[in-house]
1. Among the listed residues ASN69, ASN110, which satisfies the condition of being surrounded by fewer than 18 Cβ atoms within 10 Å (Cβ to Cβ), at pLDDT 80 or above and more than 27 Å from ASN16 (Cα to Cα)?
2. Being at pLDDT 80 or above and among the small types (Gly, Ala, Ser) narrows it down to one of SER39, SER31, SER125, so name that one.
3. Is it the case, given these coordinates, that PHE141 is of a type in the set (Phe, Trp, Tyr), modelled with pLDDT of 75 or more and in the same structural domain as SER39 (by TED's automatic domain parsing)?
4. Any residue that is among the hydrophobic types (A, V, I, L, M, F, W, C) and modelled with pLDDT of 80 or more - is there at least one of those in region 94-102?
5. Find all pairs meeting these conditions: Cβ atoms under 7 angstrom apart; at least six residues apart or on different chains; first residue within region 197-216 and at positive phi; second residue of a type in the set (Lys, Arg).
6. Got at least one residue in region 177-189 being surrounded by 14 or more Cβ atoms within 10 Å (Cβ to Cβ) and outside any helix (DSSP H, G or I)?
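The values are calculated or read from the model by the stated rules, or taken from the named source; none is laboratory data. Fair warning: this is a prediction, and the values are worked out from it, not measured in the lab. Here the Cβ positions follow ideal geometry from the backbone for every residue, glycine too, while neighbour counts run over all protein chains shown.
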Amino acid sequence: MSTENPKLTIKQFVQNLQENDDSFFVLKNTSTTDMKRLSIHNAVFPLAGPKKIDSLPSNAALLSKAYENNIQGHNPPLISAYGKTYEVKKLFSPQETNLFLPASLYIGMNTNASLNGEFIVDGVSKNDLTKVLDAFVDESFQYELSDVRLALKDRLILVVKDQIIVIGVLLLTLILILVNTISTITTWLASREKEIKVLFLIGASKAALRYKLLYDYWKIIIASFLAGISLAYFIYLSHVFDILFTDMQWQSIIVSFIFCFIFSTCITWPSILFYTRRYTIYKRGARS
């Protein structure tokens, strides 16, 4: 839902919603992707579990468990974000939702603010929402409704628009990784040239030779991954970089390994095919 009215407040809008539905929440996107404003009324917020939340004051917040170590104090637990301090009412585990891009921090909405911007309303039927908005319609008020349950294509468009700089840096990083990986593989194959010739001359087939090189490279990848994870876990236990490194997300680690394994294999195999193509001139018993 997108609205534009400098005179109408969020409080007026919420009060009118309460006359039609007593269980709902209103979510407002902010200029940052990791924080959103939330007004909840006797409703279940998908991220925070199956229990209903009566309300969320403007000085309170729901916080992702990934940032639990950033909580200051325990009675009450507090979190500082963007120059302000909020009381942490509940921790939640990040998960896939229909809330566009899930944030890490949801803070109580300032209901005295004007009803301008983009809002997500859950728990209210489209007919009831239209009825409430139409009650405010005058020359200075405009609104537009759209379905929050976006298709994958629409979600990707939102990500691209919101994270265009990050995506650009990511693509540049992938290109640099690609160039560096090709260079590393080429150097590694060149260092084993004599071994490759010997294996080929004593009767190794071209296919067997190529698979052996691929298996050897897989061993390097796995060994490097285990060494990196061991070092990262040691740093995590030492609490040296708590301000940046607050949790070991094993699911993300596994996904990263699978991506790197597939990515490097897709580069290594063509490189091996290209490098060993010259050995077709050799035959068993021939001299190099």
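1. Numbers: ASN110 fails: more than 27 Å from ASN16 (Cα to Cα).
The unique qualifying residue is ASN69.
2. Values: SER31 fails: at pLDDT 80 or above; SER125 fails: at pLDDT 80 or above.
Unique residue meeting the criteria: SER39.
3. Values: of a type in the set (Phe, Trp, Tyr): yes; modelled with pLDDT of 75 or more: no; in the same structural domain as SER39 (by TED's automatic domain parsing): yes.
So PHE141 does not fit the description; no.
4. Keep residues of region 94-102 that are among the hydrophobic types (A, V, I, L, M, F, W, C), which gives 99-101.
Retained after the next criterion (residues that are modelled with pLDDT of 80 or more): none.
The answer is no; no qualifying residue exists.
5. GLY203/ARG284
6. Looking through region 177-189, none of the residues is surrounded by 14 or more Cβ atoms within 10 Å (Cβ to Cβ) and outside any helix (DSSP H, G or I).
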